[in-house]
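The values are calculated or read from the model by the stated rules, or taken from the named source; none is laboratory data. Model, not experiment: these values are computed from the prediction. All Cβ positions, glycine included, derive from the backbone under ideal geometry; neighbour counts span all protein chains shown. Please note that ligands, DNA and RNA were not included when accessible areas were found on the heavy atoms of the full protein model with its side chains. Shrake-Rupley method; radii C 1.70, N 1.55, O 1.52, S 1.80 Å.
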Amino acid sequence: MHRPRVVVDEAMNKRIKGYFANARSKDEVVYGFIEGYLLGIHKGRWLQNRDSRVPPQQFKNAVNIGALIATNSCSDKWATKIALADNPLFALNGHDGIPSTATATHLLNQVYEAAARSVGSMIVPAPLAVAGKIEAAGASEARLLSLQAIAKKNRNTGTIADWLNVVIQMAKRKRNVRGVQMASNVVGCVIPGVATLAKPVVMYLQSGKASFEFTVMATAIELHWRAYVEQRLGAEGPASRILYELFRYRGAKQLISESQIKAFIKEPAGWLPIKDALLSL
């Protein structure tokens, strides 16, 4: 029996926030969190030799975060636990500690949907069960083009546009990989034109750590925070428009309503559905 559950562990989120206290920059917090999250859900991500370009304190924090995420999440044929980890930018700006009810409900529904599509004893991995599912190439290409148009039109959004452009290019390259592969298994690509990207983007692309999944997480965290700021200011800005386009299902119906998207934007863990939607590109 597949028994999914969302783990709401406030103690975990408080401890993760504690690791941010001695960080020297916002980027160090965000990238340390992403590295830790990926370490927690992909046990074999790191061997003993770490990248020397990662500051020692950031590496230590990432290892600690990874241990907490690993404790609160798992996925096997009998059970799935999803840790509701707060967006580090929400935690940094004091907007954490708020229940992520809509996010938890959405993630549970996706895991149940994945279990329903299981074949024999093989459970479809949860990241495949995203709002738009894995789309046909034509529909997905149209979604990519729409996202790219929004990103190009709003270059003043800086980091978001840079990361989103990298995600789009990686997603296109991913389609050329033979066989059906999970996005998390697509290693980092050499992206042309890195001179136009923000410095932290260039650093992580060069480090080899910017896999498709890493890049998607960085984009989701930035998009989520910027959209939250826009909503607080009462504006429908570029980040919000990108999210509405991202969750628009190009098929028989739209599975994620605008009200649900706005709920994700307000919740500290709302970056998780955004990450899953980007992974399906």
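Looking for whichever is among the hydrophobic types (A, V, I, L, M, F, W, C) and at pLDDT 90 or above here; the options are Leu107, Leu89. Which one fits?
Criteria check complete, one pass: Leu89.
So if I check each of Ala252, Ala210, Ala183, Ala198, which one is surrounded by fewer than 18 Cβ atoms within 10 Å (Cβ to Cβ), under 20 Å from Gln148 (Cβ atoms), small (Gly, Ala, Ser) and modelled with pLDDT under 85? Please lay out each step first, then the result.
Numbers: Ala252 fails: under 20 Å from Gln148 (Cβ atoms); Ala210 fails: surrounded by fewer than 18 Cβ atoms within 10 Å (Cβ to Cβ); Ala183 fails: surrounded by fewer than 18 Cβ atoms within 10 Å (Cβ to Cβ).
When all the criteria are applied, what remains is Ala198.
Output the number of residues of the range 47-65 satisfying the condition of being open to solvent by less than 40 Å² (accessible area, probe 1.4 Å) and at pLDDT below 90. It would help to see each step written out before you state the result.
Of the residues in the range 47-65, the ones open to solvent by less than 40 Å² (accessible area, probe 1.4 Å) are 51, 54-55, 58, 61-62, 65.
So of that shortlist, the ones also at pLDDT below 90 come out as 51, 54-55, 58, 61-62.
Here the count works out to 6.
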